[in-house]
1. Select from Pro45, Pro241, Pro179 the residue whose mean-square fluctuation is largest in a Gaussian network model of the chain (Cα-Cα springs shorter than 10 Å).
2. Per DSSP H run of at least 4 residues, take -39500 (n - 2.57); add these up for the chain, divide by its residues and hand me the 222 nm value, nearest 500 deg cm²/dmol.
3. Please list 233-240, 73-80, 111-118 highest first by mean number of surrounding beta-carbon atoms within 10 Å per residue.
4. How charged is the neighbourhood of Gln229? Take every other residue with its Cβ under 14 Å from the Cβ of Gln229, and add Lys/Arg as +1 and Asp/Glu as -1.
5. Find the centroid of the Cα atoms in segment 1-66 and in segment 193-228, then give the distance between the two in whole Å.
6. Among Ala159, Ala169, Ala97, determine the one that fluctuates most according to a GNM of the chain built with springs between C-alpha atoms less than 10 Å apart.
7. Could you name the lysines in cross-link range of Lys6, using Cα to Cα under 22 Å and dropping any fewer than eight places away on the same chain?
8. Between Phe19 and Gln242, take the C-beta separation as r, use R0 = 25 Å, and let me know the FRET efficiency to the nearest 0.05.
Amino acid sequence: MNDFEKRMADVSSGGLHAFDIEIIQVNVGLRCNQACVHCHLDSSPRRTEMMAWPTMELILETARSVGCRMVDLTGGSPEINPHFRRFVEALRKKDHAVQVRTNLTVLLEPGMETMPEFLRDHKVQIVASMPCYLEENVRAQRGEGVYEKSIAAIRRLNALGYGSDAGLALNLVYNPGGPFLPPEQVGLETDYRRELGERFGITFSKLLTITNMPIGRFQTALRRQGQDQKYVQLLKEAFNPQTISGLMCRHQLSIGWDGTLYDCDFNLALGLSVNHGAPDHLRRFDRSGLLTRRIVTGEHCFGCTAGCGSSCGGALA
Ligand code: SF4
Ligand code: SF4
């Protein structure tokens, strides 16, 4: 039993179990036009892993059989997948709500000139990385020039109605610039609205705060600084039982680029597929075997239960 399961045992017995599959999160590939220092997936322009069309076809069938509320597309940079538009069109044709997690800068890359209009026309909801409203913090985390490009991309999305029109959600994502927990989400959202509004006239729907997970490139950076154990200790000490009912693994299923099933994108990054007897690949998908599956956990799970909690949908408590 790992430390997380021991801590969970104080709150509920029998391990952590899924509750439903409201969201299917699809990681369509690990390639990204950026290489951020906090990336839990080690994504970069050098990665070649990419979801193929036959896997997407299987997902179309799976999404229908599950009856999920939303299909959430992530990466890497999901827009880079050559089948991205075809996949979105097929999902929307079957009336699935679709959300894409964009890093914003990709929208300014060659070949992406019409992507914002494509997303709008298909009513795709957008979750966009914007780790701070201050340029120096974004530069430190995501690289030179990323802040300016992100602002330009948000303004372009705003001009199309994203962040203001019904059905065109534009949610921004904050994550800390170092080994500390995010500030309280509602208060930070007010700061973002004021700063981005006054400086650039930007509007957005919601701010989501996400805790950095002690895995991937962020963990490597922490180790280099001798901060890795201290950070994990911080997460453990901030364990908040009120976050447990909302943990994203309890309400969603992640699918990797090769069709492997995971409890969440963090487990995907660690190569920890669904287990405890549940089917671990799309080809063996079985709704009843996955709906209340026991979740595979590890020390990194303390990143989801610390403080106000963290998920792909922001704070939990
Ligand atoms: S954090 Fe997002 S934008 Fe940055 S390298 Fe990873 S996938 Fe790409
Ligand atoms: S890391 Fe994944 S499996 Fe662990 S608590 Fe968070 S969402 Fe659940």
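Rule-based calculations on the coordinates, nothing more; no lab input. Nothing here was measured: the structure is a model prediction, and the numbers come from that model. Glycine gets a Cβ as well: all are built from the backbone with ideal geometry, and neighbour counts include every protein chain shown.
1. Maximum among the listed residues: Pro45.
2. Details: 12 runs with 110 residues, N = 317.
One gets -10000 deg cm²/dmol as the mean residue ellipticity at 222 nm.
3. Numbers: 233-240: 16.0, 73-80: 25.1, 111-118: 14.0.
Ranking the peptides 233-240, 73-80, 111-118 by packing returns 73-80, 233-240, 111-118.
4. Working: positive: Arg223, Arg224, Lys230, Lys236; negative: Asp3, Asp228, Glu237, Glu299.
For residues surrounding Gln229, the net value is 0.
5. Measuring centre to centre over Cα atoms gives 19 Å.
6. Judging by the Gaussian network model, the answer is Ala159.
7. Hits, sequence-local ones excluded: Lys230, Lys236.
8. Details: r = 16 Å, r/R0 = 0.62.
After rounding to 0.05, the efficiency reads 0.95.
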